[in-house]
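Read through the structure below, which is laid out as structure tokens, and then see the notes.
The values are calculated or read from the model by the stated rules, or taken from the named source; none is laboratory data. On a predicted model such as this, the values are computed, not experimentally measured, just so you know. Cβ: placed from backbone, ideal geometry, glycine included. Neighbour counts: every protein chain shown.
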Amino acid sequence: MNYKGYLSGWEDNKSNPTLKDYTFTDNPNSAVTYESADQAATECRFYDSVRISIPSNEGGPHILRGFCFEELGPGKFVIYCEGPYIPTAL
């Protein structure tokens with residue numbers, strides 16, 4: 001089953017600092033915000049171009065593709081991607 005995961009942050013990977021670990025939340029109000037639709041759209045293209053893998057609720061890893069954004073309010077845009085997130089791992 002797919003869920004909507006909102007990008008909530010990132011940090012350097014502890015094993016390999018050239019990689020990033022991304023975190024997602026099911027709460028859009030806890031997500032990273034962007035000031036414009038153009039900025040959010042640019043970030044979506046970036047996230048689609050990198051290999052972001054999550055543990056899948058169907059077993060094994062899943063590569064996220066198809067990042068989108070939505071407007072929460074004036075000047076407040078968030079990025080999300082639908083995928084087989086494990087609900088407790090969001």
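Just a yes or no: is a residue in the range 41-48 in a strand (DSSP E or B) and acidic (Asp, Glu)? Working first, answer last.
Within the range 41-48, the subset in a strand (DSSP E or B) is none.
The answer is no, given that none of the residues of the range 41-48 is in a strand (DSSP E or B) and acidic (Asp, Glu).
From the residues in the range 1-19 that are charged (D, E, K, R) and either surrounded by 13 or more Cβ atoms within 10 Å (Cβ to Cβ) or assigned to a loop (DSSP other than H, G, I, E, B) (or both), which one is modelled with the lowest pLDDT?
Of all residues in the range 1-19, those charged (D, E, K, R) come to 4, 11-12, 14.
From what's left, either surrounded by 13 or more Cβ atoms within 10 Å (Cβ to Cβ) or assigned to a loop (DSSP other than H, G, I, E, B) (or both): 4, 14.
On the way: 4: 96, 14: 91.
Here the answer is 14.
Does residue 66 meet the test of being surrounded by fewer than 13 Cβ atoms within 10 Å (Cβ to Cβ) and touching a helix residue (DSSP H, G or I) at 6+ places or on another chain (Cβ under 8 Å)? Show your work before the answer.
Details: surrounded by fewer than 13 Cβ atoms within 10 Å (Cβ to Cβ): yes; touching a helix residue (DSSP H, G or I) at 6+ places or on another chain (Cβ under 8 Å): yes.
So residue 66 passes the test.
Scan (1) in contact with a strand residue (DSSP E or B) (Cβ under 8 Å, 6 or more places away or on another chain); (2) exposed (fewer than 11 other Cβ atoms within 10 Å of the Cβ); (3) not in a helix (DSSP H, G or I) for the single condition residue 59 breaks and write down its number.
(1)
Inspect the range 36-51 for any residue being surrounded by fewer than 16 Cβ atoms within 10 Å (Cβ to Cβ) and closer than 16 Å to residue 82 by Cβ and give the result as yes or no.
Yes, because at least one residue in the range 36-51 is surrounded by fewer than 16 Cβ atoms within 10 Å (Cβ to Cβ) and closer than 16 Å to residue 82 by Cβ.
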